[in-house]
Amino acid sequence: MEYFGTALLLNLLCISVDRWLSIDFATQYHHLISKRRVRAVIIVMAFVALLLKVPGFIVYWQSFAAYCDWPLTKVGFTVAQQAWTILTVPAIVGVRVC
């Protein structure tokens, strides 16, 4: 779920940039954009989400509890995991807001 949350934030960022470019630079952007470039952006977005979340999964895997009949839950945040979350999530949201 953490990966998908990050991927969704990156997706919103890409959509926002796409809308901004299509409005402010309509003629140039219309000639520049293609299905191939859109696919490339989607692949890059998924890869960046992996880069942001996989290190946290590797180091802090013990803080997750998974059961067959319950949803995935977090046991607790360590100080290092809190720092990792503070560094990754606001960076994406901050770029999207600007």
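Nothing in this text is a laboratory measurement; each read-out follows from the coordinates by a stated rule. Quantities reported herein were computed from a predicted structural model and do not represent experimental measurements. Cβ placement follows ideal geometry from the backbone for every residue including glycine, while neighbour counts extend to all protein chains displayed.
Sorted on the mean count of surrounding Cβ atoms within 10 Å across their residues, most packed first, peptides 27-38, 10-21 read 10-21, 27-38.
Taking 0.36 nm per residue of separation and subtracting the current Cα-Cα distance, fully stretching the chain between Asp24 and Ile42 would add 4.3 nm.
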